[in-house]
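The values are calculated or read from the model by the stated rules, or taken from the named source; none is laboratory data. None of the values given here were measured: they were computed from a predicted structure. In this analysis, Cβ positions are derived from the backbone assuming ideal geometry, glycine residues included, and neighbour counts consider all displayed protein chains. Just so you know, the surface numbers come from the protein's heavy atoms only, side chains and all, with ligands and any DNA or RNA stripped out. Shrake-Rupley method; radii C 1.70, N 1.55, O 1.52, S 1.80 Å.
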Amino acid sequence: MRFGSNTVIQPIDTTSTVVLPEYQNLAQIPKTVSGEEKFDVLGVIIYIEDSPRKIITSPNCESYVRELLIVDNSVNQPVIISAWNDLAETACDTLARAAQTYNVVGFTAMRVSSYKCFSLATSMSTTFDKNSAGNRANNLREWAQKKHNVLANMNSRTADVKNTPTEKLIKTIYTLLQKKVQNTLQEERHWLRVTVPDPDFNKINAYIGCSKCGKRTNIPAGQPYKCNACSKDCVSCPRITFTCDVADGTGIFKITTFTEDAEKLFRLSAPELFQIKHSDDRKTFQLIQKKLNESPILIQVGLKATLSRNNVLQWVLRTVKIDENSDNDPITNTLTGKTPEGHTTSSTRETGDDTTNNSVVGEVEPASDDTINNNVLGEVESALDKLSELPPNSTSGVQVLNIKSEKSNEPPSSQKT
C-alpha cells in the first residue's frame, strides 16, 4: 500500500451498516471526468495478461501494471482495466480462472483514464469481488451464459491480437471495410499489399521544418535552433507530406504520409524530394509515378482511438514497408547517376540513416509552393552534406483518411486515492 499527497486518513463509524457498491453499466461511465470521481463496475473478463509489467514512473520509482479486458451487456467493445502494483499481482492471479469461465467480477472505486483514449484504472480503494451480489450481477451472469459463444470468440480474437504472428498475413481493403464495431478490437493491426494508381505531383508538399516535430519554420535549412512548437533543440531540414489513394483491386484508401514514410514510398530522401518539388522536376516524377503504379508496397494499418471512445471505425496507417533493390530501381538510379550496367557518374546520392518513429508532435503545416523561393532551394542544395551528418529525424507519421496516428504506449501511472 502506498500513501500519496491525496491520501485521506479519517476515523470510521464501526456501527454503520455495510455500504454495497453502486455498480454501473460500462456504457454509463463518462469518457472524461473531472476531479477524483470513481466508479463501481461489473464485467465479464475476456482477457488478462499473464504477468505484470514493470514501468519506471519517475526517477527511482518502479510500478507494476497488468491489463485486463472486460465487457458487459451494454457495450460492443471490451474496456481496458489497468490494475496497478499490489492488485496487479496476487489479486489478478485470483481472477485468472474467471477469465477462462467468463464469470462476473465486480470492480470498485475505478478511475477513468485516458490510456488508449478511454480505459479504467485501479485506485488505492479498488477491490475485486468474484462473488458480486444483487440483481445487476445476476442479470449479467444470465447474459454471459447466453452469450458464451460470443465471449469465446472475443477471447480468441483478443489472444490473436495480443500474440501477433511474426509473418505478415496480408488482408484486403475490402475485408477491412467489411469489419464492424462488434467484431473488431482496438489493438488490431493488419497488413495490406497496395499500389498507388494515380500519384499526383501537386499533392507533394515540401517545406523546411523542425527535425523533431515537423513544424514549419522560416529558418534556413541546416541550421540548429529551438523549436517553438515542441520546445526541443532541433535542426531545420526538408520535410515532406504526400497525399494519395492506395488500392489493391478490392478497395481504395486515401492516405497522407509524413517524412519518414514518404521517403520509403518514393525511395528518396526528403532533401531529394524537396529538390524535385521546388525545381518542378516532372521528368523524374514520371519515373516515380510508374514505379508507384506498378510496384506493390506493404502497409500496416491499425485503428484510431475513436473505436474506444465513440464506437467509430477509422483505420490508420501505421507504417510502410518496401521490398526494394536499389540497383534495379529506376528512380534511385536516375538520381545517383547509375547506368543500367552499374557504372556511377560524378553525381552521387548521399543520405543518412533514419530511425524516426510514427508519432506526430504538434500540427504539421506544409508550406505552399509560393512560400519557398529559389533562395530556399539553394539553401537546401548547399545543406545536403550537412543533413547527411545530422541526427535522424525523430518524427513522421502516416494517416489513413487524413486522421493522425495515435501514440500511447503505457497507461498513466499515478495512483490516487
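Taking a probe of 1.4 Å, how large is the accessible area per residue of the range 177-223, in Å²?
44
Enumerate by residue number the GluC sites (Glu not before Pro) in the range 157-216 meeting two conditions: DSSP loop (anything except H, G, I, E, B), and at most 11 other Cβ atoms within 10 Å of the site's Cβ.
For GluC sites (Glu not before Pro) across the range 157-216 that sit outside H, G, I, E and B with at most 11 neighbouring Cβ atoms in 10 Å, the list reads Glu167.
Taking every pair of alpha-carbon atoms in the range 124-191, what share in percent sits in each 10 Å bin, from 0 to the bin with the longest distance?
Spelled out bin by bin, the range 124-191 gives 15, 33, 29, 16, 7 percent.
Please give the length that would be gained between Cys61 and Glu167 if that part of the chain were fully extended, namely 0.36 nm times their separation in residues minus their C-alpha to C-alpha distance (nm, one decimal).
34.5 nm
Please list the three semi-axes, largest first and in whole Å, of the ellipsoid equivalent to the range 107-148, using sqrt of 5 times the eigenvalues of its alpha carbon gyration tensor.
The answer is 24, 15, 7 Å, longest axis first.
Can you list which of the trypsin sites (Lys or Arg not before Pro) found in the range 180-241 are DSSP loop residues with at most 10 other C-beta atoms within 10 Å?
Answer by residue number: Lys180.
Leaving out ligands, DNA and RNA but keeping every protein chain, what accessible area does Asp261 have, in Å² rounded to the nearest 10, with a 1.4 Å probe?
Surface accessible to solvent at Asp261 totals approximately 0 Å².
With every protein chain kept in the model, how would you rank Met124, Met154 by accessible area, 1.4 Å probe, largest at the top?
Met124, Met154
Would you mind checking the pairs Lys168/Lys291; Lys215/Lys283; Lys277/Lys321; Lys162/Lys291 and listing those with alpha carbons more than 31 angstrom apart?
In this structure, Lys162/Lys291 exceed 31 Å between Cα atoms.
Computed from the mean reciprocal separation of all distinct C-alpha pairs, what Kirkwood hydrodynamic radius does the range 155-233 have, in Å?
Answer for the range 155-233: a Kirkwood hydrodynamic radius of 17.3 Å.
For the range 126-136, what does the Karplus curve 6.51 cos²θ - 1.76 cosθ + 1.60, with θ = phi - 60°, yield as ³J(HN,Hα) per residue in whole Hz, taken in order and with x for Gly and Pro?
Going residue by residue, I get 5, 10, 10, 10, 7, 10, 4, 10, x, 4, 4 Hz, with x marking Gly and Pro.
Karplus couplings for the range 270-287 from phi (6.51 cos²θ - 1.76 cosθ + 1.60, θ = phi - 60°), rounded to Hz, Gly and Pro as x?
Taking θ as phi minus 60°, the curve returns 4, x, 5, 5, 4, 5, 4, 5, 8, 9, 6, 7, 5, 5, 5, 5, 4, 5 Hz for the range 270-287.
Might you work out the accessible area of Phe258 for me, using a 1.4 Å probe with all protein chains in place, and round it to the nearest 10 Å²?
20
Can you list the trypsin sites (Lys or Arg not before Pro) in the range 25-78 that are in a DSSP coil and have 16 or fewer other beta carbons within 10 angstrom?
Filter output for the range 25-78: Lys31.
At Arg282 and Lys232, where each label point lies 7 Å from the Cα along Cα→Cβ, what is the point-to-point distance in nanometres?
Using points 7 Å along Cα→Cβ, the separation is 3.8 nm.
Which lysines does Lys130 reach when only Cα atoms under 21 Å apart count, and residues fewer than 8 places away in its own chain are ignored?
Those lysines meeting the cut-off are Lys38, Lys146, Lys147.
Could you give log10 I(q)/I(0) at q = 0.10, 0.12, 0.18, 0.25 Å⁻¹ for the range 224-324, computed by the Debye formula over C-alpha point scatterers of equal weight, without solvent?
The calculated log intensity ratios at q = 0.10, 0.12, 0.18, 0.25 Å⁻¹ are -0.38, -0.54, -1.00, -1.36.
Enter the accessible area per residue of the range 51-134 (Å², integer; probe 1.4 Å; all protein chains in place).
Normalised by residue count, the accessible surface of the range 51-134 is 40 Å².
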